[in-house]
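Before any comments, here is the structure.
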Amino acid sequence: MADTTPLTHADWQARAAAVKPEGRHFIGGQLLASRSGATFDCINPATGAVLAQVARGDAADIDLAVSSALVAWNDRRWRGLTPRQRMDVLLRFADTLERHADELALLETLDMGKPISDVLDIDLPEVLRTIRYFAECIDKIDGAVTHTAPGSLHMIVHEPLGVVGAISPWNYPMLMAIWKVAPALAAGNCVVLKPSEQAPLSCIRIAQLFAESGGPAGVFNVVNGLGPEAGKALALHADVAKLTFTGSTAVGKLLLGYAGQSNMKRVALETGGKSPHIFFDDLYDLDTAVDRAIGGIYDNAGQVCNAGSRLLVQRGIHDAFVARFVARSAQLYTPGDPLDPATTLGPVVSAAHRGNVLAHMARAREQGARLALGGADTSLPGTGAFVAPTLFTGTDNTMDINRLEVFGPVASVTAFDTEDEAIALANDSVYGLAAAVWTADLKRAHRCVGALEAGVVWVNCFGDGDMTQPFGGYKQSGHSRDKHIDSLRSYMQGKSAWFNLA
Ligand code: NAD
């Protein structure tokens with residue numbers, strides 16, 4: 001019987017010392033260096049150590065990968081399989097990843113700084129669910145036969161698009177990539193993925209494991225490199241039918257331009273957020289609500305697109321909310337070595353990003369926000385890019401801390417009096433990814449759901465959901481949806497076939 005004893009901190013450290021991550025591209029079923037020979041350092045943010053030399057791809061490597069995907073598309077080695085055959089490969093792919101869970105978790109933790117327990121308990125199960133869900137959806141996509149005149153037959157069929165380019169971020173490196181890659185593959189497309197240069201290692205590995213699971217060569221390719229080099233080349237490539245992106249709003253806007261400059265490819269954007277998390281004084285249970293508020297901003301060290309970074313709290317419970325938040329945060333988040341299974345708060349992704357987060361904190365203080373928790377002057381373990389869980393109070397929407405995405409463990413509290421005021425504060429943002437409301441009043445909850453400008457609204461919870469939940473934003477948080485069977489449909493196009501039978 002397999003040994004199921006959980007690995008200890010020492011076990012993970014020993015494995016980490018032995019790991020030799022792969023840094024090459026995966027193109028046409030082969031690991032390849034960049035054509036230029038260029039590489040960049042891949043850094044462990046918890047220690048500053050160089051983990052691997054990663055191939056620094058540019059337009060030549062993107063061209064090779066897109067050509068390889070196009071060959072696979074044209075000879076129908078993937079889309080020509082029966083739905084059941086494609087489903088079987090994807091289900092095997094999920095099983096293979098599950099067998100490599102420890103290896104993938106280790107890569108993710110070393111590369112991105114995410115606590116190993118989070119990868120094993122959250123990211124990986126979610127990756128497997130995503131692949132299995134879209135595999136199971138493959139034969140659930142129906143076309144239509146419409147009612148037309150006698151002597152005619154009209155069918156609407158759904159076909160894959162061709163070569164899909166995917167560009168992913170570093171905050172959930174494997175999961176954000178799989179939210180794109182799994183539905184694109186399930187639909188029958190071939191994929192070229194450009195993972196974030198901040199955390200590419202797990203994506204390189206999963207593409208290899210797709211091939212080991214029977215995925216044909218050229219169907220799932222990975223090209224590493226920097227955004228303005230490899231990413232831009234992918235976005236400009238004339239043989240890419242659709243570009244699917246998760247990342248910042250600023251880069252999302254660039255991609256729309258690249259599509260226009262090249263072949264008018266479809267562009268699907270999942271971008272930034274500044275989610276309002278609203279607490280009315282009639283909520284059921286303050287303690288539960290506060291715990292969820294804390295998780296909503298400090299999970300993954302705040303590097304979450306839908307993080308509940310704007311806490312809007314009704315004045316009657318404001319002081320009790322803040323006091324409880326400060327007291328509970330220290331109990332819920334244990335900073336430490338992300339390889340230690342007891343750690344619940346790892347470093348942020350890089351020293352440079354830590355600098356950005358600290359600059360946001362300094363600006364908040366300059367603009368009059370009061371520091372209630374954390375801040376820059378907290379001692380935290382190791383030499384890595386740690387940021388203490390931080391809370392500002394006394395904030396309003398004139399301050400940058402309420403307007404700009406920090407993408408770190410930093411929340412602000414703004415007091416409000418009325419429901420109308422809460423909604424106005426919540427909607428006063430260029431972003432509209434997610435929002436949440438805590439209230440015991442069902443009518444108020446319904447009113448708020450209708451009034452909030454966000455793609456996802458949670459009531460009396462935060463961050464809950466499953467694969468049936470379309471996930472994406474309003475306004476400048478993007479306009480596409482991940483998860484849900486509609487995501488698979490978005491990697492297909494409809495064809496009308498009209499038969500003259502007279
Ligand atoms: P980023 O925009 O800096 O990078 C994302 C990807 O885009 C990376 O692979 C990067 O190499 C690439 N890129 C950068 N410049 C490019 C260019 N000129 N052309 C083509 N590609 C380019 O974002 P990030 O720092 O990796 O991730 C954090 C951001 O992602 C945050 O804004 C966060 O809110 C957002 N995000 C959104 C969601 C969502 O579902 N809406 C989920 C996760 C993260």
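The values are calculated or read from the model by the stated rules, or taken from the named source; none is laboratory data. These numbers were taken from a predicted model, which means no experiment stands behind them. Here the Cβ positions follow ideal geometry from the backbone for every residue, glycine too, while neighbour counts run over all protein chains shown. Keep in mind that these areas ignore ligands, DNA and RNA; they rest on the heavy atoms of the full protein, side chains included. Shrake-Rupley method; radii C 1.70, N 1.55, O 1.52, S 1.80 Å.
Restricting to segment 30-88, count the residues that are touching a strand residue (DSSP E or B) at 6+ places or on another chain (Cβ under 8 Å) and part of a helix (DSSP H, G or I). Please lay out each step first, then the result.
So in segment 30-88, the residues touching a strand residue (DSSP E or B) at 6+ places or on another chain (Cβ under 8 Å) come out as 31-34, 38-44, 49-57, 61-62, 64-66, 68-70, 72-73, 78-79.
Checking the rest, the ones that are also part of a helix (DSSP H, G or I) come to 61-62, 64-66, 68-70, 72-73.
Adding up the residues that qualify gives 10.
Which of the numbered conditions does residue 450 fail, given that it passes all the others? Conditions: (1) within 27 Å of the chain's Cα centre (by Cα); (2) among the small types (Gly, Ala, Ser); (3) surrounded by 15 or more Cβ atoms within 10 Å (Cβ to Cβ).
For residue 450, the failing item is (3).
Select from segment 133-160 the residues that are of a type in the set (A, V, I, L, M, F, W, C) and open to solvent by 20 Å² or more (accessible area, probe 1.4 Å) and write down the one among them that is nearest to residue 93 (Cα to Cα). Break it down stepwise before answering.
Of the residues in segment 133-160, the ones of a type in the set (A, V, I, L, M, F, W, C) are 134-135, 137-138, 141, 144-145, 149, 153, 155-157.
In the following step, the residues that additionally are open to solvent by 20 Å² or more (accessible area, probe 1.4 Å) were identified as 141, 144-145, 149, 153, 155-157.
Details: 141: 21, 144: 31, 145: 34, 149: 46, 153: 39, 155: 33, 156: 31, 157: 27 Å.
Only one residue fits best here, namely 141.
State all residues of segment 338-358 that are open to solvent by less than 60 Å² (accessible area, probe 1.4 Å), within 16 Å of the ligand (Cβ to nearest atom) and not in a loop (DSSP other than H, G, I, E, B); if no residue qualifies, say none.
353, 355, 357
Can you spot a residue in segment 396-407 that is out of contact with any Phe, Trp or Tyr (no Cβ under 9 Å at 6 or more places or on another chain), charged (D, E, K, R) and open to solvent by less than 50 Å² (accessible area, probe 1.4 Å)?
Checked against the condition, which is being out of contact with any Phe, Trp or Tyr (no Cβ under 9 Å at 6 or more places or on another chain), charged (D, E, K, R) and open to solvent by less than 50 Å² (accessible area, probe 1.4 Å), segment 396-407 yields at least one hit.
One line per residue, one yes/no per condition, for (1) open to solvent by 50 Å² or more (accessible area, probe 1.4 Å); (2) assigned by TED's automatic domain parsing to the domain that holds residue 384; (3) of a type outside the set (A, V, I, L, M, F, W, C):
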{"site": "35", "(1), (2), (3)": "yes, no, yes"}
{"site": "40", "(1), (2), (3)": "no, no, no"}
{"site": "45", "(1), (2), (3)": "no, no, yes"}
{"site": "51", "(1), (2), (3)": "no, no, no"}
{"site": "93", "(1), (2), (3)": "no, no, no"}
{"site": "99", "(1), (2), (3)": "yes, no, yes"}
{"site": "110", "(1), (2), (3)": "no, no, no"}
{"site": "115", "(1), (2), (3)": "no, no, yes"}
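Looking only at segment 1-17, how many residues end up being free of Cβ contacts under 8 Å to residues at least 40 places away in the same chain, of a type in the set (Gly, Ala, Ser) and either outside the structural domain of residue 73 (by TED's automatic domain parsing) or open to solvent by less than 70 Å² (accessible area, probe 1.4 Å) (or both)?
Taking segment 1-17 and keeping what is free of Cβ contacts under 8 Å to residues at least 40 places away in the same chain, we get 1-5, 10-11, 14, 17.
If we keep only those that are of a type in the set (Gly, Ala, Ser) too, we end up with 2, 10, 14, 17.
Still in the list and also either outside the structural domain of residue 73 (by TED's automatic domain parsing) or open to solvent by less than 70 Å² (accessible area, probe 1.4 Å) (or both): 2, 10, 14.
The qualifying residues number 3.
In segment 134-179, what count of residues is obtained for those that are in a loop (DSSP other than H, G, I, E, B), within 26 Å of the chain's Cα centre (by Cα) and hydrophobic (A, V, I, L, M, F, W, C)? Reasoning before the result, please.
Here is the first cut: in segment 134-179, the ones in a loop (DSSP other than H, G, I, E, B) are 141-143, 147-151, 161-162, 168-172.
When the remaining residues are screened for being within 26 Å of the chain's Cα centre (by Cα), the result is 141, 161-162, 168-172.
Within this subset, residues satisfying the condition of being hydrophobic (A, V, I, L, M, F, W, C) are 141, 161, 170.
Number of matching residues: 3.
I'm trying to understand the selection: among the residues of segment 235-247, which are more than 7 Å from the ligand (Cβ to nearest atom) and in a helix (DSSP H, G or I)? Steps first, please.
The initial filter retains those residues of segment 235-247 that are more than 7 Å from the ligand (Cβ to nearest atom), namely 236-244.
Matches in segment 235-247: 236 only.
Take residue 86 and tell me if it is touching a Ser or Thr at 6+ places or on another chain (Cβ under 6 Å) and over 22 Å from residue 14 (Cα atoms). Step through it out loud before you land on a result.
Working: touching a Ser or Thr at 6+ places or on another chain (Cβ under 6 Å): no; over 22 Å from residue 14 (Cα atoms): yes.
No.
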